[in-house]
Amino acid sequence: MDLYTPLSQALRTKRDYLKALEDMDLHTVEDLLLYFPRAYEDYSKLKRLMEVKEGEAVTLKGFLKAVAAVPTKRPRFKIIKAIFYDELGSVAELVWFNQPHLLRTLPTETPVFVAGKVEISYGKYVLHNPQVEAAGEATLHTAGLVPVYPEHDKITTKWLRGKIHPLLPLASEFEEILPPEILREEKLMGKAEAVQKVHFPTSAKSLERAR
């Protein structure tokens, strides 16, 4: 596989997703790697619930339980709720709208990272549509500076993160356009590294250099 590999060969996905990518004028690995984030969510703050302020975007570590679908009066409108609790026993309610697949995929009774904006409602901590990842996995959605991409049709930011991240090693194939002496003198990041760090920066400083 290289930068010119068609996305139909590079990605394991359904045909309608490939069609959506074509509509976005994304056809090859190179196209996808040059599809840059429009913003970033800052989930670099790993906190306990008792330390969180209302409206703060944070990452929490703990466990989930009581994942369930809540009946609504609107047909085809699903609300999924879960209870999050941390090592100190602090509790938050997690709420998702129209994501029934979470009933099958949310990990329970195993450590997880939960990222999102915390609200306080009637004395309870609440997070709407938070991101959840098992704590033992590489975190793409719940830690550090998390990329937010322009979305289109079926293509969501979360989907793009999951597809772009495995392709990042191929950024090493981008041709460097500046002479080595210029890179050294101006202390510039090379193109390959810049493409990688724009998608998944390791810090605010590395993101600024990549930009």
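The values are calculated or read from the model by the stated rules, or taken from the named source; none is laboratory data. On a predicted model such as this, the values are computed, not experimentally measured, just so you know. Backbone-built Cβ (ideal geometry, glycine too); neighbour counts: all protein chains shown. Quick note on the areas: whole protein, heavy atoms, side chains included, nothing else; ligands and nucleic acids left out. Shrake-Rupley method; radii C 1.70, N 1.55, O 1.52, S 1.80 Å.
Quick look at the values:
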item	result
Per residue convex hull volume, Cα atoms of the chain, in Å³	147
Fraction of accessible area attributable to carbon and sulfur, the chain (%, probe 1.4 Å)	51
Computed [θ] at 222 nm, deg cm²/dmol, the chain (DSSP H ≥ 4; -39,500 (n - 2.57); rounded to nearest 500)	-6000 deg cm²/dmol
DSSP-loop chymotrypsin sites (Phe, Trp or Tyr not before Pro) across region 1-91, with at most 15 other Cβ within 10 angstrom	Tyr4, Phe77
The chain, relative contact order in percent, only Cα pairs under 8 angstrom and at least six apart counted	20
Descending Cα extents along the principal axes, region 108-211, whole Å	60, 29, 27
Point-to-point label distance, Asp42-Leu178, nm (Cα→Cβ direction, 7 Å offset)	2.6
Sequence ranges 119-130, 172-183, ranked by mean other-Cβ count within 10 angstrom, highest first	119-130, 172-183
Extension gain (nm, one decimal) between Leu34 and Glu87, 0.36 nm per residue minus Cα-Cα	15.0 nm
Sequence-distant lysines (8 or more away, or on other chains) whose Cα lies within less than 30 Å of Lys78	Lys14, Lys19, Lys47, Lys53, Lys61, Lys65, Lys117, Lys124, Lys154, Lys158, Lys163
Calculated diffusion of region 156-199, Stokes-Einstein form, Kirkwood radius summed over Cα pairs, 37 °C and 0.692 mPa s, µm²/s	282
Stokes-Einstein translational diffusion, region 1-46 - Kirkwood Rh over all Cα pairs, 1.306 mPa s, 10 °C, in µm²/s	132
Rounded to whole Å, sorted largest first: equivalent-ellipsoid semi-axes of region 38-141, Cα gyration tensor	21, 16, 15
